[in-house]
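These notes are about the structure you will find just below.
The values are calculated or read from the model by the stated rules, or taken from the named source; none is laboratory data. Since the model is a prediction, treat every value here as computed from it, not as a measurement. All Cβ positions, glycine included, derive from the backbone under ideal geometry; neighbour counts span all protein chains shown.
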Amino acid sequence: MSLNISKLRNIGIAAHIDAGKTTVSERILFFTGVNRKVGETHDGQATMDFMKQEQERGITIASAAITAHWNGYQINLIDTPGHVDFTVEVERSLRVIDGMVAVFCAVGGVEPQSETVWNQADKYRVPRIAFVNKMDRTGADFQEVVNQMHKYLGANAVPLHLPIGAESDFEGMVDLVQMNSVRFIEKERIVGPIPENMMEQAQEARRNLIEKVADLDDEIAELYLEDKEIPTDKLMAAIRKATIKLMMVPVLCGAAYKNKGIQLLLDAIVDYLPSPNDLGAVIAHDPANEEKTYRRNPSENEPFSALAFKLINDPYVGQQTFIRIFSGKLTNGMSVYNTNKLKNERVGRIFRIKAKEREEINEASAGEIVALVGMKYTKTGDTLCDEEQPILLESINIPPAVIEMKVNLDDKKNRSKLSEALAKLCNEDPSFHAHFDEETEETIIAGMGELHLEIIVDRLKEEFKVPVTVGAPSVSFRETITAPFECNYRYVKQTGGKGQFAHTVIRFEPNPGGGFEFVDITKGGVIPKEYIPSVQKGLAAAMNKGPFAGYPVVDVKCVLVDGSSHPVDSSDMAFQLCAQMCFKQAFMKASPVLLEPVMKVEINTPDDYIGNVTGDVNKRRGRIEAMRRFRKGSQKLDAFVPLMEMFGYATALRNLTSGRANYSMEFHQYMPTPKDKQEEIVKERNQKE
């Protein structure tokens with residue numbers, strides 16, 4: 001049976017850690033009939049948190065996809081992690097969903113990761129609704145969360161609910177669209193009239209809702225100005241239109257753990273979040289000419305196009321490649337073209353995913369999110385399309401790894417097992433990197449944070465059965481130059497018979513934020529054309545390990561100015577080695593510096609400890625950007641602090657504030673390390689080696 005695309009909702013659930021995302025997801029699965037029993041994060045029974053590491057820690061690590069149905073609509077739901085170490089999971093989910101439910105804690109309000117997720121959703125222009133969860137908790141304040149959404153997220157947050165009671169007295173809500181009350185007894189919702197003592201407040205809130213919608217919709221504005229009754233269906237249609245156009249964010253409330261408000265949230269997902277049809281065509285580029293664009297409409301009749309956004313190694317069926325189909329139709333055994341890898345792929349099997357369960361299907365069409373088995377070359381961010389009409393979809397932004405750790409084997413026999421396991425993990429998680437250092441004979445893994453690497457090591461031991469020992473985590477530095485320098489290098493090697501000859505003159509310039517850039521201004525006049533790529537390859541290889549302290553080199557522009565060759569002795573390898581030597585010689589004369597990852601840190605602290613906290617941040621070479629009143633008696637402090645100063649910060653903060661403050665941090669950017677610290681780091685690195 002063909003899918004009615006207007007009745008499809010691809011949605012993600014995202015929020016700060018502990019706002020209750022997975023609990024909301026589990027209740028959605030229960031009320032839509034996917035699960036007969038409610039799974040809980042705290043007892044390790046959550047359907048969406050099926051990894052052993054998730055169940056042990058009670059947190060979401062990997063985004064999980066599941067299909068549910070509500071009132072004739074199909075909802076493809078993705079539950080994403082809240083911890084900043086797994087931000088790439090949120091990034092790739094937001095790239096392929098059509099709408100988002102942003103969950104906020106009624107006590108915590110807009111927390112640091114809420115802002116990060118919100119900004120990611122802004123980048124991909126994802127329409128969203130907000131659900132203020134945990135209304136039954138002590139300190140819950142619905143209106144304060146709405147105010148914080150305006151203030152910190154710049155959102156046009158418009159309440160569609162008014163809570164009836166709060167904290168332990170929270171009973172339900174007034175629905176300002178239907179103008180009735182909804183209460184919950186166990187798992188049933190009871191619809192009734194608005195309590196008399198809330199009628200005036202409800203009428204005022206509805207007037208406010210209509211005014212907000214009237215500002216965005218001419219038909220509602222006309223009815224409002226003429227003081228006419230506004231039909232519910234017209235009001236809902238206007239809210240839907242404004243939400244899809246990112247002009248407003250409807251705000252609902254509830255208490256997921258107590259089964260309050262989930263049915264209304266499901267109604268809102270169907271009523272206000274877009275179908276693929278509502279968002280229209282996706283824009284793609286011509287692989288041969290980036291300026292030329294194509295439109296792909298969400299229709300079965302268009303050429304096939306899809307984006308691979310996630311890979312999972314399944315012990316039963318092998319590697320699963322999750323894709324979002326933007327246009328066309330996919331069938332079992334079909335051949336698709338991977339534009340990024342310039343290779344054809346044969347679709348083995350197609351699965352509709354239900355967290356760790358899967359249902360095999362014969363075909364899938366535009367708008368659907370499915371998993372494929374049999375993909376050999378496809379990685380995260382790759383475009384799959386019709387070979388006759390190749391296109392390139394916008395890929396997924398992968399943040400840089402900022403922390404690394406050495407991994408050793410007690411038994412060298414396990415080396416191939418380790419490299420196989422690491423290759424699979426790198427495939428699954430593009431923010432994780434691993435390489436083998438030939439000099440020290442150590443494997444180095446790098447990721448987004450301490451928890452990220454802790455999970456990886458845990459998976460190596462438990463899932464892949466590789467017994468590893470690990471060193472302490474360390475900062476992943478970078479090297480660059482701050483001054484231009486031109487180097488004239490001649491590589492000559494005579495060993496009897498055919499020798500080696502290459503000659504290059506290369507100018508090295510700082511290229512802040514521009515990465516590695518190679519420019520040939522000789523136009524192949526002095527060095528044969530076939531050796532120009534060899535020069536570029538040699539420079540790229542030299543940048544893997546900088547001459548200054550052995551860290552990767554970034555942001556250098558290399559301009560090939562001049563050179564010469566020998567008709568017999570020149571070769572590809574000679575020019576690669578010549579470029580490498582030229583780079584190493586020039587780098588140390590071009591005022592090299594170490595770059596260190598600087599983190600954006602947000603600390604919530606009671607007023608009593610603000611002096612202790614700011615003093616400690618300053619000691620850690622931190623720069624305080626802003627301080628703001630968070631709620632009565634406590635403040636939020638925004639700062640930028642080098643990552644190397646943040647190891648062990650959780651314990652230090654606990655000691656400074658008697659355990660009453662908390663913090664979160666995320667990668668901000670790489671910045672030059674002060675000279676005294678730089679010398680210390682280089683010296684320490686050299687001693688280790």
Residue in the stretch 271-288 that is within 23 Å of the chain's Cα centre (by Cα), under 30 Å from residue 143 (Cα atoms) and part of a strand (DSSP E or B) present: no
Qualifying residue in the stretch 260-269 (condition: closer than 22 Å to residue 203 by Cα and either touching a helix residue (DSSP H, G or I) at 6+ places or on another chain (Cβ under 6 Å) or in a loop (DSSP other than H, G, I, E, B) (or both)): yes
Any chance residue 392 is touching a Ser or Thr at 6+ places or on another chain (Cβ under 8 Å), assigned by TED's automatic domain parsing to the domain that holds residue 441 and not β-branched (Val, Ile, Thr): no
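If only one of 380, 339 is in the same structural domain as residue 288 (by TED's automatic domain parsing), within 30 Å of residue 644 (Cβ to Cβ) and not basic (Lys, Arg), which one is it?
Just one listed residue meets the conditions, 380.
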Pairs with Cβ under 9 Å, 6+ apart, first in the stretch 207-220 and not assigned by TED's automatic domain parsing to the domain that holds residue 233, second part of a helix (DSSP H, G or I): none
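Residue-by-condition table, conditions (1) assigned to a helix (DSSP H, G or I); (2) at positive phi:
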{"residue": "584", "(1), (2)": "yes, no"}
{"residue": "608", "(1), (2)": "yes, no"}
{"residue": "636", "(1), (2)": "no, no"}
{"residue": "659", "(1), (2)": "no, yes"}
{"residue": "664", "(1), (2)": "no, no"}
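Residues checked against (1) in a helix (DSSP H, G or I); (2) buried (at least 23 other Cβ atoms within 10 Å of the Cβ); (3) touching a residue at least 12 places away in the same chain (Cβ under 8 Å):
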| position | (1), (2), (3) |
| --- | --- |
| 114 | yes, yes, yes |
| 125 | no, no, yes |
| 132 | no, yes, yes |
| 136 | no, no, yes |
| 146 | yes, no, yes |
| 150 | yes, no, no |
| 163 | no, yes, yes |
Candidate set from the stretch 415-428 (those that are over 21 Å from the mean Cα position of the chain (by Cα) and surrounded by 17 or more Cβ atoms within 10 Å (Cβ to Cβ)); member that is farthest from residue 311 (Cα to Cα): 418
All positions within the stretch 474-486 that are over 17 Å from residue 668 (Cα atoms) and either surrounded by fewer than 20 Cβ atoms within 10 Å (Cβ to Cβ) or among the hydroxyl-bearing types (Ser, Thr, Tyr) (or both): 474, 480, 482, 483, 484, 485, 486
Single unsatisfied condition, residue 532 versus (1) in contact with a Leu (Cβ under 8 Å, 6 or more places away or on another chain); (2) outside any helix (DSSP H, G or I); (3) among the β-branched types (Val, Ile, Thr): (2)
Filter pass, residue 562 being assigned by TED's automatic domain parsing to the domain that holds residue 521, of a type in the set (D, E, K, R) and farther than 30 Å from residue 667 by Cα: yes
Odd one out for residue 415, checked against (1) among the basic types (Lys, Arg); (2) in contact with a strand residue (DSSP E or B) (Cβ under 7 Å, 6 or more places away or on another chain); (3) in contact (Cβ under 8 Å) with a residue 24 or more places away in the chain: (3)
Selection status of residue 249, of a type outside the set (Lys, Arg), over 26 Å from residue 29 (Cα atoms), surrounded by 19 or more Cβ atoms within 10 Å (Cβ to Cβ) and out of contact with any His (no Cβ under 8 Å at 6 or more places or on another chain): no
Search result, residues across the stretch 486-525 that are of a type in the set (Asp, Glu) and either closer than 20 Å to residue 552 by Cβ or over 45 Å from the mean Cα position of the chain (by Cα) (or both): 509, 517
Positions within the stretch 211-238 being touching a Leu at 6+ places or on another chain (Cβ under 7 Å) and not in a helix (DSSP H, G or I), in sequence order: 230
Residue 183 being in contact (Cβ under 8 Å) with a residue 60 or more places away in the chain, surrounded by fewer than 18 Cβ atoms within 10 Å (Cβ to Cβ) and in a strand (DSSP E or B): no
Residue list for the stretch 583-601, filter: of a type outside the set (A, V, I, L, M) and closer than 16 Å to residue 544 by Cβ: 583, 584, 587, 592
